[in-house]
Amino acid sequence: MFFLGVVAAFAFQSIGIINPDFHAGMSGWTRATYGAEPEFQIDTTSAHGNAPSLRVSSDKPTDTAFGQDIRVKPGGFYRLSAWIKTQGIKSGQSPVFGTIQAQLPGGASVLASGKNHAGDTGWTRESVYFVGPGDGRARVALFLFGWGKGTGTAWFSDLTLEPIKTEDIPMRITNEPLCPGRINPMQYGQFIEYLCDLVPSMWAEKLYDTSFEGLSPYKFRFNADTDFKEKPWYPFGQANRLKVEADPTTFISGAVSKHIVLSDGLPCEGGIAQDGISLNKGKLCKFSIFVKGSANQAQMRVRLFRGTTEFATVLLPVTSEWHKVTAALTPSATTDEATLSVTFKGPGKFWVDNGSLMPIDTVGGWRRDVVKVLTDLKPGVIRVGGSVLDDANLGTFEWTDTIGDPDKRKPFHAWGGLQPMGAGLEEVVQLIQAVKAEPLICVRYEKKTPKDAADEVEYFNGSVNTPMGALRAKNGHPKPYGIKYWQVGNERWGEEYWKAVPEFCKAMLAVDPKIELLSSFPSDELIKLAAPYITYTSPHQYDVENLDGARDELENARGMIERNGGGKKVKLAITEWNTTAGDIGLPRAKLWTLKNALDCSRYQNLLHRKADLVDIANRSNLTNSFCSGIIQTNRSGLFLAPTYYAQQLYATLAGTRPLKIESDLPTNLSPDVSATLSEDGKWLTIFAVNESTSAVKRTVDLSAFEVSGQEAEIWTLGDTQHAGEPDAFNSFVEPDRISPARSIIKASSEKFDYHFPPLSLTVLRWHVKD
C-alpha cells in the first residue's frame, strides 16, 4: 500500500501525530484506496475511552489505508500505538489488515508493522517500535487492508507516539529455550541459478560464446552504461579477403559452427578473435577447439596478445574431418585485456566449434578463488533452481542437456546469458559438495511428468544397476551423489500444481525413499493434499526489510500447516529471500550495501526466533546478479559484499539453541538481538544489529551464565570509514571498506553496559564455564 500522490497534502509537522484522537475529524489524515471505495466516518458511539474513533468499512473488496507523514528524531527510538477493533474482517489475499504501520514517507518502505486483526475483535492496543530514519521523516499508516483486497470493518482510536530511552531498559539473556526447535545450519543457505552471468562468473572458462551460437542481450540490467557485457567473436585479419558466418549444416554441438572463408587469390591470413581475456603470468592454460578445413596439411595459428605484445602462440594441425586439437599456453605476462585469435592461411575454407581456454588450476572447472570464499562462507545448503526452470520465456534449460560429454551438450540461454557448456547441473552439484554444503535441487514442473522428476532423482541417487544410474556411471561418476533435498517446481501456484505435487512426490520417493521433498509456495489446499509426502513447503520472501511483514507471512504459513497438515509437522524452507527481487536499474544498488547486510542480519535473527518452524533459508543470489550476489567477480578477481561477511558470521559463530531474552522492549528493536547457545552448551553468542545512525547503549545481563571476568570475543561489521552512510558498499577499488573487525573485552561483572556502534552488526561470544 503506497500513498503516492497524497504526500503533499500537508507539510511535515513537528515531532508527533496531528489529531491522533480524531477530535478534529480527519484533519491531518489522507486516504489511499485501490478497489472499492470504503465508507469512513468519525464514530463517537463506538470509541475507546473518551476519544472518538475512525470507522472504516467495505462490503466489497478494497485496499484502503489512512496515513499521515510525521517528523521524528533521526536515530531516535519510538513506540507507535493505537487502539483497534474489528468486525467481520476477511482478508482474502491481503497480507496486512486491521493494523498499524510505521513507514517511510509515501509508503516507500515499512519500518514496523503491527499484528493483523481478523474476524471480530474487541478493543485491543496494538504497538510497534521503530527507529527514526536518518532524515527524520516517517509515516503513520492505519490499514483496513493493504497490498491486497478484503472486506469488513475496522475502528482506530487514541493513537500515541512515544520516544523511548533504550539505555534505561536492560536485556537479560536467559538459559531458557526460546522455542522447541534447534537452529539448523541450513538457515544460512545460498542460492545458485542460471541467470545471465551468475554461473559463468564462477566457472573458470576464459572465453565467451565457446559454442559459437552467438550472444544475446541480458533480460536484466543494473546500469546499462557500465553493466558487464560478454565479448563477442569478430572477424580478424585481412578482412577484405575474409568471410565469417554461422553454418547450420555442420557442427559438433548446438545448432551451428563458425565458418571461415579466405577467398581465392594471393595468400592471406584471417580468422576470428575475441578481446577481454584475463591472463596471469606463468599460469598454464589449456586451449582446445574442434576444427576442420577444406584441405589437409593446413595449420591453424592461435595467439594470445595485446597490441604488439605477444603472450603465447601455437600452430595446430587442420584436417578435412572434424577433430579436436589442444595446446598448453603459458602467458608471459599478466593482463586483463588480452586478445585471443584463431587464424588460418588462405585461400581456403575452415570450420571451428567448441573453443575453450581454461586455466589448469581449477576445482573441477570452477574458479579456485570463488571456491575458497564459498568454502569459507560455510553455507549449510545451496539450492539450484530459479525462474529459468519453469519459464520458457527466460531460458531453454533442460537438465538432461547439461550432462555427459561437455563437447556434446546443447548450449542454452538463461535470462539472455549464454551459459558455459562445461558448467552443467552435475558440475554445480560437485561444486556444492566440494564446499561441504548440502545440494537442494529444484526439478522442473512445467510441461514435465512425475516420471521425468523420478528420472532426475535416479540419475543423481540411483545405483549403477538402474537405467539413469547407469547413464551417470557412463558419464564418469559411478558413485551416487546421494542428494537428500528435492523441490517440486519453482514458484508454482494453483489447483493444477497442488493436485500434481503428490504424484510427483510418490514417483520420486519410489526411486529413493530416503530423500526429503519440498513443495513450492504454501497454500491450504497444497498442505491438505501434499502433507503426507513433503517435509517442507517453500515460500519466497523478497521484502525482508519489512521484518514484521516477513514474520506475519511465516506465522500465516504455520497456520496453514496446523489447519491442514493432519498432525504432520511440515516445516518451512525459505528457498529464496532478500530485500527485493526486482528494482531493475540503479535502485538495485541497495543490494550490495551495508544496509542490506544489516537487513539480512535482522532476518537471520528472525529465523533464529522461528527455529521450530524454519529449517532452510537460501539467500538470493550467490554471485554477481546485478548487485544481489554476495560474491562479486570480474575476469581476474573478486570482492565480497557486506552481506557476505554478515552471512559468514552467522554461519560460523551461531549456536544451535535459541535463547529467550527478557526485556521490556521487543528484541527486534535496534539493536535487534538474538542469543544462541552451542549444542554442547559451552559457547554463548549474541548477535546485535544496530540500524540506527547513532550508537545505542544497552545494559546486558548475563547473570544466567558464569561469564564474569571472562574475555569475550567481539566481531563488529561496519564501515571502516565511519561515514555514517547506510548505503556504503565494497567495490574492486575499496574491497574491504565494509568488513568485520575482531576485538576482545572482559566484562567486570555479569551485568555491564555495551555501546553498539551505529550501522553495525556486533557479535559477542563467551566461553561458558562448565
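The values are calculated or read from the model by the stated rules, or taken from the named source; none is laboratory data. Only a predicted model underlies this, so the values are computations on that prediction, with no experimental measurement involved. Cβ placement follows ideal geometry from the backbone for every residue including glycine, while neighbour counts extend to all protein chains displayed. Ligands, DNA and RNA are excluded from the accessible area calculation, which covers all protein heavy atoms including side chains. Shrake-Rupley method; radii C 1.70, N 1.55, O 1.52, S 1.80 Å.
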Among Leu284, Leu304, Leu357, which is in contact (Cβ under 8 Å) with a residue 60 or more places away in the chain and buried (at least 17 other Cβ atoms within 10 Å of the Cβ)? Leu357
Could you tell me whether Leu591 is in contact (Cβ under 8 Å) with a residue 24 or more places away in the chain, open to solvent by less than 30 Å² (accessible area, probe 1.4 Å) and not in a strand (DSSP E or B)? yes
Of (1) in a helix (DSSP H, G or I); (2) buried (at least 22 other Cβ atoms within 10 Å of the Cβ), Asp369 fails just (2)
The stretch 543-557: number of residues that are more than 24 Å from Thr643 (Cβ to Cβ) and surrounded by fewer than 20 Cβ atoms within 10 Å (Cβ to Cβ): 2
Please specify each residue of the stretch 429-448 satisfying the condition of being at negative phi, surrounded by fewer than 22 Cβ atoms within 10 Å (Cβ to Cβ), in contact (Cβ under 8 Å) with a residue 12 or more places away in the chain and touching a helix residue (DSSP H, G or I) at 6+ places or on another chain (Cβ under 9 Å). Val429, Ala434, Val435, Glu438, Arg444, Glu446
Only strands (runs of 3 or more DSSP E) wholly contained in the stretch 655-770 count here; list those with 1 or more residues that are aromatic (Phe, Trp, Tyr) and on the phi < 0 side of the Ramachandran plot. 683-690, 711-719, 751-756, 760-767
Please enumerate the residues belonging to the stretch 392-417 that are surrounded by fewer than 22 Cβ atoms within 10 Å (Cβ to Cβ), modelled with pLDDT under 90 and not in a loop (DSSP other than H, G, I, E, B). His413
Which condition from (1) open to solvent by less than 10 Å² (accessible area, probe 1.4 Å); (2) over 30 Å from Gly49 (Cα atoms) is the one that Thr166 breaks? (2)
Within the stretch 705-721, of all residues that are in contact (Cβ under 8 Å) with a residue 40 or more places away in the chain and of a type in the set (Ser, Thr, Tyr), the one farthest from Asp599 (Cα to Cα) is Ser708
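Here is a yes/no grid of residues against (1) among the hydrophobic types (A, V, I, L, M, F, W, C); (2) touching a helix residue (DSSP H, G or I) at 6+ places or on another chain (Cβ under 7 Å):
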{"site": "Ala473", "(1), (2)": "yes, no"}
{"site": "Ile483", "(1), (2)": "yes, yes"}
{"site": "Gln487", "(1), (2)": "no, no"}
{"site": "Ala500", "(1), (2)": "yes, no"}
{"site": "Val544", "(1), (2)": "yes, yes"}
{"site": "Asn556", "(1), (2)": "no, no"}
{"site": "Gly559", "(1), (2)": "no, no"}
Could you grab the pairs with beta carbons closer than 7 Å, sequence gap of 6+ or different chains, first residue in the stretch 217-233 and without any contact (Cβ under 8 Å) to a residue 60 or more places away in the chain, second one open to solvent by less than 40 Å² (accessible area, probe 1.4 Å) and in a loop (DSSP other than H, G, I, E, B)? Lys231/Tyr208; Pro232/Asp209; Trp233/Asp209; Trp233/Phe212
Take the residues in the stretch 607-619 that are crowded, with 24+ Cβ neighbours inside 10 Å and not charged (D, E, K, R); name whichever of them is nearest to the chain's Cα centre (by Cα). Asn618
Step by step: first the residues of the stretch 230-274, then only those that are among the hydroxyl-bearing types (Ser, Thr, Tyr) and farther than 30 Å from Phe220 by Cβ, then the one that is surrounded by the most Cβ atoms within 10 Å (Cβ to Cβ). Which residue is that? Ser263
Which of (1) more than 16 Å from Trp29 (Cβ to Cβ); (2) in contact (Cβ under 8 Å) with a residue 24 or more places away in the chain is the odd one out, the single condition Asp168 does not satisfy? (2)
Being open to solvent by less than 10 Å² (accessible area, probe 1.4 Å) and assigned to a loop (DSSP other than H, G, I, E, B) is the filter here, so list the residues in the stretch 525-542 that pass it. Ala531, Ile534, Ser538
If we keep just the residues of the stretch 465-524 that are in a helix (DSSP H, G or I) and touching a Ser or Thr at 6+ places or on another chain (Cβ under 6 Å), which is farthest from Asp405 (Cα to Cα)? Val501
So Leu669, is it in contact with a helix residue (DSSP H, G or I) (Cβ under 8 Å, 6 or more places away or on another chain), closer than 27 Å to Gly114 by Cβ and either surrounded by 21 or more Cβ atoms within 10 Å (Cβ to Cβ) or at pLDDT 95 or above (or both): yes
Just to verify a result, which residue in the stretch 728-768, among those that are of a type in the set (Asp, Glu) and surrounded by fewer than 13 Cβ atoms within 10 Å (Cβ to Cβ), is modelled with the lowest pLDDT? Asp753
Hits in the stretch 112-123 (condition: open to solvent by 50 Å² or more (accessible area, probe 1.4 Å), assigned to a strand (DSSP E or B) and either touching a Phe, Trp or Tyr at 6+ places or on another chain (Cβ under 7 Å) or of a type outside the set (D, E, K, R) (or both)): Trp123
For the stretch 39-57, indicate whether the set of residues that are modelled with pLDDT of 95 or more, touching a Gly at 6+ places or on another chain (Cβ under 9 Å) and under 12 Å from Phe143 (Cβ atoms) is non-empty. no
Residue list for the stretch 341-393, filter: of a type in the set (Val, Ile, Thr) and over 28 Å from Thr652 (Cα atoms): Val342, Thr343, Val352, Ile360, Val388
